[in-house]
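Asker: Pasting a structure below so you can have a look.
The values are calculated or read from the model by the stated rules, or taken from the named source; none is laboratory data. Because the structure is predicted, anything quoted here is derived from the model rather than measured. When we count neighbours, we look across all protein chains shown, and the Cβ atoms used for this are built from the backbone with ideal geometry, even at glycine.
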Amino acid sequence: MSSSPSSSAHADVYARVTAAIITAIEAGTGTWRMPWHHSGADVTRPTNVASGKPYRGINTVSLWAAAYASGYTSGVWGTYRQWQALGAQVRKGEHASLGVLWKELRAKDDDAVNDDDHEHDHRRLFAKAFSLFNADQVDGYTPEPGPILPESERLVAVEAFIAALGIDTVYGAPSAYYHIAQDRIYMPGFSTFHDAHGFYATHIHEAAHASGAAHRLDRDFSARWTRHALAMEEATAELTASFLLADLGIAHEPRADHAAYIASWLQLLKDEPRAIFTAASKAQAAADWMHAQQP
């Protein structure tokens, strides 16, 4: 029996967004780069031009992929009408990038939910695609300059951010990992990393794993994503780190082990078009939890 037109349209949103992300990942495989690796600059946190609010969850990942694939240098996005309202004009021939709007099914379907923190099994939400254009695609727009934070202040802020999480950490280990039974992070010494950014990115990645503990967010992919549970958890931690490092203005660069990581992730995305939506949602929840621990 064929599916209804509406269900096919909803499935197509997942497929279209995932396909765009796969394209961006494949474009960077020679350098092990993923769309969510970034320089830490202000432009790397996708933001809506009308509200000034950063995008969240899957929209962050989707817009990172679009910017990476097209070479956009701005992190500011808006719909065609939002740009027009500001007196700017999308240039003729420019192609839109995909955003995702979550709509909640009710008796009267009149409320749109533009929020990526969805749980498919608890709330009746469906994804609807909409079109966004980057500031690099419009004429008549001049962004306001953002604050320039000295590098030393950024690093102090990251130290304080990690400390506020209250997760027990042992330094001097031969490798970085989160020990589930001990609820403890093991980290190599600071001097073993090529740079400070790599140290903090790794520490936040492991803290993201710790956020999934039963007494924190109780994250478990084993039931629904049995075959891909490990890949889903690793992707969630990776995305959590990318979200937070963008918030903190710290670069998130690929590591040597990303070659194997990319291969496994491409296979997962091709097998399961909704995987990136789930990982992005769980990563946003983990990032929100970490922000909530801050004084």
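Asker: Please specify each residue of the stretch 29-66 satisfying the condition of being of a type in the set (A, V, I, L, M), buried (at least 18 other Cβ atoms within 10 Å of the Cβ) and in contact with a Leu (Cβ under 8 Å, 6 or more places away or on another chain).
Answerer: Result: Val49, Val61, Leu63, Ala66.
Asker: Scan the stretch 11-28 for residues that are of a type in the set (Ser, Thr, Tyr) and over 16 Å from Gly57 (Cα atoms) and jot them down.
Answerer: Thr23
Asker: Next up: Please go through the stretch 132-169 and give me each residue that is among the small types (Gly, Ala, Ser), closer than 21 Å to Tyr55 by Cα and surrounded by 13 or more Cβ atoms within 10 Å (Cβ to Cβ), ordered by number.
Answerer: The answer is Ala135, and nothing else.
Asker: Scan (1) crowded, with 16+ Cβ neighbours inside 10 Å; (2) on the phi > 0 side of the Ramachandran plot for the single condition Ala196 breaks and write down its number.
Answerer: Result: Ala196 passes all but (2).
Asker: Would you please name the residue that is farthest from the chain's Cα centre (by Cα), looking only at residues in the stretch 98-119 that are surrounded by 14 or more Cβ atoms within 10 Å (Cβ to Cβ) and at pLDDT below 60?
Answerer: Top of the filtered list is Val113.
Asker: Here's a check for you: in the stretch 67-97, which residue that is modelled with pLDDT under 95 and in a helix (DSSP H, G or I) is surrounded by the fewest Cβ atoms within 10 Å (Cβ to Cβ)?
Answerer: Ser70
Asker: Residue under question is Ala235, and the condition is that it be loosely packed, with under 14 Cβ neighbours inside 10 Å and over 15 Å from Asp288 (Cβ atoms); does it hold?
Answerer: Numbers: loosely packed, with under 14 Cβ neighbours inside 10 Å: no; over 15 Å from Asp288 (Cβ atoms): yes.
So Ala235 fails the test.
Asker: Taking the condition of a type outside the set (Ser, Thr, Tyr), assigned by TED's automatic domain parsing to the domain that holds Thr44, under 30 Å from Lys103 (Cβ atoms) and in contact (Cβ under 8 Å) with a residue 60 or more places away in the chain, does Ala208 pass?
Answerer: Working: of a type outside the set (Ser, Thr, Tyr): yes; assigned by TED's automatic domain parsing to the domain that holds Thr44: no; under 30 Å from Lys103 (Cβ atoms): yes; in contact (Cβ under 8 Å) with a residue 60 or more places away in the chain: yes.
No, not satisfied.
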